[in-house]
Amino acid sequence: GVWKHSKSEGHDDYGLLVSEKARKYAIVNELNEPVSLKDGSTVLQFETRFQNGLECGGAYLKYLRPQEAGWKAKLFDNESPYSIMFGPDKCGATNKVHFILKHKNPKSGEYVEHHLKYPPSVPSDKLTHVYTAILKPDNEVRILIDGEEKKKANFLSADDFEPPLIPAKTIPDPDDKKPEDWDERAKIPDPNAVKPDDWDEDAPMEIEDEEAVKPEGWLDDEPEEIDDPEATKPEDWDDEEDGEWEAPKIDNPKCETAPGCGEWKRPMKMNPAYKGKWSAPLIDNPNYKGIWKPQEIPNPDYFELDKPDFEPIAAVGIEIWTMQDGILFDNILIAKNDKVAESYRETTWKPKFEVEKEKQKAEDESTDSDGLSGVQKKVFDVLYKVADIPFLSEYKLQILDLIEKAEKQPNITIGVIVSILVIILTVLFRLLFGGKKQV
């Protein structure tokens, strides 16, 4: 893919532009000196704008380790070792602002990717957005979009990163085997139960309603469909090549006012004698021992960690694949003070964003006189925010998939909203009244 130094649409401000569709892109800039992530706070921030939207593609940055790790700037690619990967990624069911820490396991020496759990969604418009990751010395990381905190996590918490940086203290014993006589069935068929003598397994589920009477005025001799009297044989119809021409069928107009046409048959009704196949009722299993699990043993790979062993950042790279062009990167910042990042947001990002937002609002109002297009965009923005609600995290992919379908088929937006409301009400019901937690 060809990078271009290009103006942001509607501005005199330049950025780094993805100029071609369906391409891989790679570009890297080495820093004058590596930035340590171990001393105090570190802020990673950049702006990106999807000028043609984003249906399938990445727009994230990679913060690379020093070249001693085994990479060269001119050979920068997806294999080049990074410390942190941060930014938007959207395609199909994937819709997230990535935050990935590549951390060295102190026991094995291998580098492992640790993904932030339940990251925020990518804004769905064509405006410039600013993405911020703040790494704090107390092991906290905060993800901001447009200066608004969307996610707070702890690097050492198993609830926040997958896989966790600190392994579990114990693991299931891989050599432990389930005993052959272990019975996991909570219920079993009653061995003493006997099928009743009057139980007819062959009785049909439905039978004819003998009490039904043919409605008065039923037209026995009229078919439900007739040849279209207005249809004519096409002039270019060739009986030898096309076969014998037949007029298309239409609903018989005589049947519209009559209770029915054609041969009348008694309707079917449920058979009161139907019982289906007999099976013994279930009773508590006297030999039930519960669901078997292997015993826990100390994890040989366990280690303790007070702080992540962050690798320094020696370069910033963009290494993406995208189906869209028009992705514009700007104002890439690494700072040690979040006030510096905040100042950049106020002075460089916000003025652009406000201009774009007003222009977008005017376009939405002119696109559709009844405002439907603009309303739908606002609805989608709200739905993406709903997907980020923490208590809906286990349903996030399902919700995002529904939103994606609605964006492609706006006529089903109402149905999607109803589906998402059903998910929310289901979760709320479980929270209020209990229920088995999903595995």
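The values are calculated or read from the model by the stated rules, or taken from the named source; none is laboratory data. From a predicted model like this one, the values you see are computed outputs, not experimental measurements. Positions of Cβ are backbone-derived with ideal geometry, glycine not excepted, and every protein chain shown enters the neighbour counts. Protein only, heavy atoms only, side chains kept; ligands, DNA and RNA dropped before computing areas. Shrake-Rupley method; radii C 1.70, N 1.55, O 1.52, S 1.80 Å.
Among residues belonging to the range 87-127 that are of a type in the set (S, T, N, Q) and surrounded by fewer than 17 Cβ atoms within 10 Å (Cβ to Cβ), point out the one that is farthest from A406 (Cα to Cα). Only one residue fits best here, namely S108. For the range 1-10, the tally of residues that are over 16 Å from I332 (Cα atoms) and surrounded by 16 or more Cβ atoms within 10 Å (Cβ to Cβ) stands at 1.
Selection within the range 1-51: residues that are among the basic types (K, R) and part of a strand (DSSP E or B). The member of this set that is nearest to V97 (Cα to Cα) is R49. D39 falls short of the stated requirement of being among the acidic types (D, E), over 27 Å from A168 (Cα atoms) and within 17 Å of the chain's Cα centre (by Cα). Among the numbered conditions (1) free of Cβ contacts under 8 Å to residues at least 60 places away in the same chain; (2) surrounded by 16 or more Cβ atoms within 10 Å (Cβ to Cβ), the only one that E342 does not meet is (1). I'm checking my understanding of the structure. Among residues of the range 108-132 that are aromatic (F, W, Y) and over 19 Å from the mean Cα position of the chain (by Cα), which one is modelled with the lowest pLDDT? Among residues in the range 108-132 that are aromatic (F, W, Y) and over 19 Å from the mean Cα position of the chain (by Cα), the one modelled with the lowest pLDDT is Y111. The residue that is farthest from K275 (Cα to Cα), among those in the range 200-231 that are exposed (fewer than 10 other Cβ atoms within 10 Å of the Cβ) and over 51 Å from the mean Cα position of the chain (by Cα), is E230.
The condition (being over 27 Å from E47 (Cβ atoms) and either modelled with pLDDT of 75 or more or surrounded by fewer than 18 Cβ atoms within 10 Å (Cβ to Cβ) (or both)) is satisfied by just one residue among L383, L328, L402: L402.
Among the residues of the range 77-86, the one identified as among the aliphatic types (A, V, I, L, M) and open to solvent by less than 10 Å² (accessible area, probe 1.4 Å) is I84. Please work out if P234 is free of Cβ contacts under 8 Å to residues at least 12 places away in the same chain, within 30 Å of D175 (Cα to Cα) and not basic (K, R). No, not satisfied. The residue that is nearest to I389 (Cα to Cα), among those in the range 128-150 that are free of Cβ contacts under 8 Å to residues at least 40 places away in the same chain and in contact with a strand residue (DSSP E or B) (Cβ under 7 Å, 6 or more places away or on another chain), is E149.
Residues in the range 172-223 that are over 30 Å from Q295 (Cα atoms) and either hydroxyl-bearing (S, T, Y) or in contact with a Phe, Trp or Tyr (Cβ under 7 Å, 6 or more places away or on another chain) (or both): K195, W199, E201, A203, P204, M205, K214, W218, D220.
When every residue of the range 27-44 is checked against the conditions, none turns out to be open to solvent by 40 Å² or more (accessible area, probe 1.4 Å), at pLDDT below 95 and more than 24 Å from A341 (Cβ to Cβ). The residue of the range 57-74 that is most open to solvent (accessible area, probe 1.4 Å), among those that are over 33 Å from the mean Cα position of the chain (by Cα) and on the phi < 0 side of the Ramachandran plot, is K74.
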